[in-house]
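The values are calculated or read from the model by the stated rules, or taken from the named source; none is laboratory data. Worth saying up front: this structure is predicted, and the values here are computed from it rather than measured. Reconstructed Cβ throughout: ideal geometry from the backbone, glycine too, with neighbour counts over all protein chains shown.
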Amino acid sequence: MSGKNIAPTRDEKEGLKMAAGTYERVELERELDGFLAEAMNDGRPALKVEALTKRFPRPEGKRRGFWRRRPKFAALAAVTFTVEKGEIFGFIGMNGSGKSTLIRIVSTLLMPDEGQVEVFGVDVEGNPARVRELINRVAVDAAFFKVLSGSENLRYAARLYGLSPRLARERYDGLLTRIGFDPKRLSDQIKSLSRGERQKVAAARALMTAPALLLLDEPTTGLDPRSKREVQRVIREMREEEGTTVLLTTHDMEEAERLCDRVGILHEGRIVTIGTPAELTARAGGAGTTLEDAFLKFTGAEWLGDENGA
Amino acid sequence: MTIKVRALREFWCSIGFAERNFMLVKRYAGWEAVFLTYTVVSALTIGLIGVGTGDQQLVLFLVIGAVLWGYLSILFHEVSECIAWERGEGTLEYTFMAPVKRFTQLMGNALYAITYGLGRAAVQLLVCALFFGISLAGANFLTAAVVLVVSSLPFLGLGLACAVLPLLSRERGSQATHIFQASILLVSGVYYDVSVLPSWLRPFSVVSPATYTLRAMRAAVMDGVGLADVGNELLILVISGVVLIPVGFACFVLGERWAKKTGKLKIEG
């Protein structure tokens, strides 16, 4: 008996996974790993955005005649940039600068008018189903079924991403502990959680699917400083451990500086500059210049409050 | 992934939608009890109109109409409102961003609607049978079951087509769905024979699948007829289902594409 190999065979392992209901996810992740390895060998960036333009009708615009359409404005105008695999790339911009529109297009929730967006070489318009398998998103307004508990919402999300409830639980329990969420609160209805707690559950919901490209649309808005740091730490760890690529939008300059390898400033639908936080501050004035100063300088909205005695 | 694994994945996704809806039913248990009580009482009051005439067959005619309409309207409502409701909850973008085929999503909601609708219809029928002392000894339950299953198909198709309306117009889409549902109620002979309709309305009863569902179900329960005797109605229902489900799905896909082009998916921001 002692010499007998009792380790399960490959077929037995497959059978065990099937029995646990995790087979489909394991199969998908294996396939995606292969796809991503291939994409890396080809030298394709994680995200390639080229001459992306999106226009919307002006909310205040009036039709000029019954058949005429309302005048439009460009929420994004010929936006071009790339994000390399494993990079954390941030966009900072004022309200209405086009940050959320950009995230929505990459998330396949919005179709571009012009230009092209590729996620690991996959066109978001041509093959949105494949793109959805590679991404996940944490939005500023964590969307949940508010009368359901945190664990019920996570169970539902797990089903959508092909994770068995058991495998999902293993993943989100670990993630929630890492971001400082008390697991006992998971049985509470989402509506009874604070905004910060909801954002943490939203972060765990996205991270449990191990996305190759994580889209973060102002993910830490409303979090207290400690929670903010905890979420930021997990994002960095995901990049280090899983090689996750992150596209982040934020208003928080400190967050952009702390998390991002490169930062782009988006203003009225256009990228006005891109670089490392150090490069941006150097371009804006050098020593003593903060990222916030750089942001105000590049967006042409320099703060005059102090001079005015505010 | 192999086709088998992909199919399994889609199956579990559709179970996810049904499971989520039942979790919500559990959370709103109080309201569910209220709705169930209301529909049962509503069926009883309609049956009592027949009792007033002293015609037991009329009581059965009315009860079948009330119970069947209850089932069909739940089916239609749950599928057609699944998008409006997610929009209201604010989860629509999350669901649309997930790697789930739209057909799987809609079928998951349909699975829930059928299960939930059958449960409510069973309670309604049981209470009515006890209340009115209705004997179902002469009913052909096999025919009734087949009619119920087959009639679900065109209503799913109609539900799919209407589900897209809230994407096209946030405010008016849901309202249009209710008007459409009310129109089917008017022309399909739920509580009366369609022959009493004004002549200008009668052509609408011909194109309503509910007309054939009600006719076949009444024949099965009241006259105990076999499948062959309701063959024409079943054929029409199957054809309507085979046509309406792909048409409804195509409408939905086109509507979704339009919403993604114009930015109508988002609520705010």
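If you check B:A259, B:A219 for being within 14 Å of chain A (Cβ to nearest Cβ) and either touching a helix residue (DSSP H, G or I) at 6+ places or on another chain (Cβ under 6 Å) or under 17 Å from B:V149 (Cβ atoms) (or both), only one passes: B:A259. The residue that is modelled with the lowest pLDDT, counting only those in segment A:41-50 that are surrounded by fewer than 17 Cβ atoms within 10 Å (Cβ to Cβ) and not small (G, A, S), is A:N41.
Results for (1) among the aromatic types (F, W, Y); (2) within 20 Å of the chain's Cα centre (by Cα), shown as yes or no for each residue.
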residue	(1), (2)
B:A7	no, no
B:L24	no, yes
B:R27	no, no
B:T37	no, yes
B:V40	no, yes
B:L58	no, no
B:W69	yes, yes
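The set of residues from segment A:89-110 being within 12 Å of another protein chain (Cβ to nearest Cβ) and not in a loop (DSSP other than H, G, I, E, B) comprises A:K99, A:S100, A:T101, A:I103, A:R104, A:I105, A:V106.
Go over the candidates B:F155, B:F180 one by one and state the one that is buried (at least 22 other Cβ atoms within 10 Å of the Cβ) and either out of contact with any helix residue (DSSP H, G or I) (no Cβ under 7 Å at 6 or more places or on another chain) or part of a helix (DSSP H, G or I) (or both).
Details: B:F180 fails: buried (at least 22 other Cβ atoms within 10 Å of the Cβ).
When all the criteria are applied, what remains is B:F155.
Taking the criterion of being among the basic types (K, R) and closer than 21 Å to B:F180 by Cβ, the only residue of segment B:80-101 that qualifies is B:R87. When A:D113, A:D123 are checked against the criterion of being surrounded by fewer than 22 Cβ atoms within 10 Å (Cβ to Cβ) and more than 30 Å from A:E241 (Cβ to Cβ), A:D113 stands alone in meeting it. Residues in segment B:128-145 that are buried (at least 18 other Cβ atoms within 10 Å of the Cβ) and in a helix (DSSP H, G or I): 4 in all.
For segment A:120-179, taking the residues that are over 18 Å from the mean Cα position of the chain (by Cα) and of a type in the set (D, E), the one that is nearest to the other protein chains (Cβ to nearest Cβ) is identified as A:E152.
Taken over segment B:1-40, residues that are in contact with a helix residue (DSSP H, G or I) (Cβ under 7 Å, 6 or more places away or on another chain) and not in a helix (DSSP H, G or I) amount to 1. Tell me, please, whether a residue that is at pLDDT below 90, surrounded by fewer than 24 Cβ atoms within 10 Å (Cβ to Cβ) and touching a helix residue (DSSP H, G or I) at 6+ places or on another chain (Cβ under 8 Å) can be found in segment A:157-166. Yes - at least one qualifying residue is present in segment A:157-166.
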